[in-house]
Amino acid sequence: MTDFQKFPTSELIPICSTEYLKFKLKRQNNGQACFELFRRALGAKEPEAWEGVFTLYWRLVAFWVDGAQELIGDHVNDVFIKLFREVNDSNFDCKFADFSGLMGYLKMIAINYRIDHYRKRDPIIDLHRSIDDMEEKIKIPSASEQIEQKELLEKVYSRMKDEKERLVLRLFLLGYTPRLMLDENQGEFEDIKEIYRILERILLRLRSDPGLAAYFEQK
């Protein structure tokens, strides 16, 4: 196994670029070089590594923030700034077991940013607190929680009653707001209120499930 810690950052960046291309083409890659590049950018706060990370990953973050490209620009910068502030040399290894965990964390920041943005524009129906509760419980896990979180998500999906519930839950976990769900699934839902009702129904069912109630208890 290659020890990328011995590579200078100038050599690490093009290797990471190749790994990222394989990722986009859905070809096998383990992300070790990119993981080390992120470690230097976030842990050591190395400017060259940080510039490499931003250059390689800003388009992916832009897609997570808003696939329709509406929020590109300062909003993408905000996501990276939040990542930079939250991760440092003292907590990097505690937060991330591997590169997939790191990507999950970055995606979580981007999606939460997206949710917050659209929630401010779509303040309808007083169900946000309940949905916030579910969002908090089903967010992408830290390194120490990854196995438990995967099992939790499998159980949650198994409790869905029909395809419409599975669709709403899947889109919700991808960061879609009810408004975006409605806009991108024309004809699937009667109106946005139906989507809120489905989310509320899912939450109530999870809270009443003996195997899941502890995860979704009322705050």
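The values are calculated or read from the model by the stated rules, or taken from the named source; none is laboratory data. Just so it is clear, the model here is predicted, and its values are computed rather than measured. Positions of Cβ are backbone-derived with ideal geometry, glycine not excepted, and every protein chain shown enters the neighbour counts.
Of the helices (runs of 4 or more DSSP H) lying entirely inside region 57-124, those containing at least 3 residues that are at pLDDT below 70 are 99-121. The single condition among (1) in a helix (DSSP H, G or I); (2) over 22 Å from the mean Cα position of the chain (by Cα) that GLY187 does not meet is (1).
Give the residue, chosen from ARG207, ARG197, ARG166, that is under 22 Å from ILE111 (Cβ atoms) and free of Cβ contacts under 8 Å to residues at least 12 places away in the same chain. Spell out how you get there, then give the answer.
Working: ARG207 fails: under 22 Å from ILE111 (Cβ atoms); ARG197 fails: under 22 Å from ILE111 (Cβ atoms).
So the residue among ARG207, ARG197, ARG166 that is under 22 Å from ILE111 (Cβ atoms) and free of Cβ contacts under 8 Å to residues at least 12 places away in the same chain is ARG166.
Among residues of region 86-97 that are among the polar types (S, T, N, Q), those with a Cβ under 7 angstrom from a residue that is at pLDDT 90 or above and surrounded by 12 or more Cβ atoms within 10 Å (Cβ to Cβ), sequence gap 6+ or separate chain, pair up as ASN88/LEU42; ASN88/GLY43. Each residue in region 13-40 was checked for being of a type outside the set (S, T, N, Q) and without any contact (Cβ under 8 Å) to a residue 24 or more places away in the chain, and 10 pass. Residues in region 157-180 that are buried (at least 19 other Cβ atoms within 10 Å of the Cβ) and at pLDDT 85 or above: VAL168 alone.
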